[in-house]
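Working notes, structure below.
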């Protein structure tokens with residue numbers, strides 16, 4: 001669990017765990033096992049996501065996003081987007097960033113600021 005300097009964005013962070021998020025259930029376990037499980041905000045770090053997440057043909061991103069959407073969890077994903085070669089993945093990022101539920105960022109500060117809104 002992390003808090004920003006203004007104590008306005010309480011969220012669960014994937015960085016607080018050792019395991020890699022490799023399924024929709026893993027992300028729900030992450031939320032449920034957090035000491036602040038009542039938080040409806042999540043920050044997913046690329047380092048804690050299975051590589052299959054960035055390969056849309058695996059279906060992992062869709063599975064995770066379906067769980068997060070069903071449970072109304074506002075989610076920021078922090079990743080090195082320039083290093084991801086998939087054009088389809090960048091289309092997904094573009095579409096997600098139009099909404100208010102799941103957004104992608106390249107740095108933690110921008111992700112935390114968005115979660116604080």
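A few comments on the model shown:
- Screening segment 1-20 for residues that are at pLDDT 70 or above and part of a strand (DSSP E or B) and picking the one that is farthest from the chain's Cα centre (by Cα) gives 10.
- Set 30, 92, 66: member being loosely packed, with under 14 Cβ neighbours inside 10 Å, in contact with a helix residue (DSSP H, G or I) (Cβ under 8 Å, 6 or more places away or on another chain) and assigned to a helix (DSSP H, G or I): 66
- Apart from one condition, residue 23 fits all of (1) in contact with a strand residue (DSSP E or B) (Cβ under 7 Å, 6 or more places away or on another chain); (2) surrounded by fewer than 17 Cβ atoms within 10 Å (Cβ to Cβ); (3) at pLDDT 90 or above; (4) more than 20 Å from residue 107 (Cα to Cα); the exception is (1).
- Pick from segment 69-81, criterion surrounded by fewer than 19 Cβ atoms within 10 Å (Cβ to Cβ) and assigned to a loop (DSSP other than H, G, I, E, B), ranking: modelled with the lowest pLDDT: 71
- Considering residues of segment 33-51 that are part of a loop (DSSP other than H, G, I, E, B) and in contact with a strand residue (DSSP E or B) (Cβ under 8 Å, 6 or more places away or on another chain) only, the residue modelled with the highest pLDDT: 50
The values are calculated or read from the model by the stated rules, or taken from the named source; none is laboratory data. Keep in mind that this is a model prediction, so the values were computed, not measured. Reconstructed Cβ throughout: ideal geometry from the backbone, glycine too, with neighbour counts over all protein chains shown.
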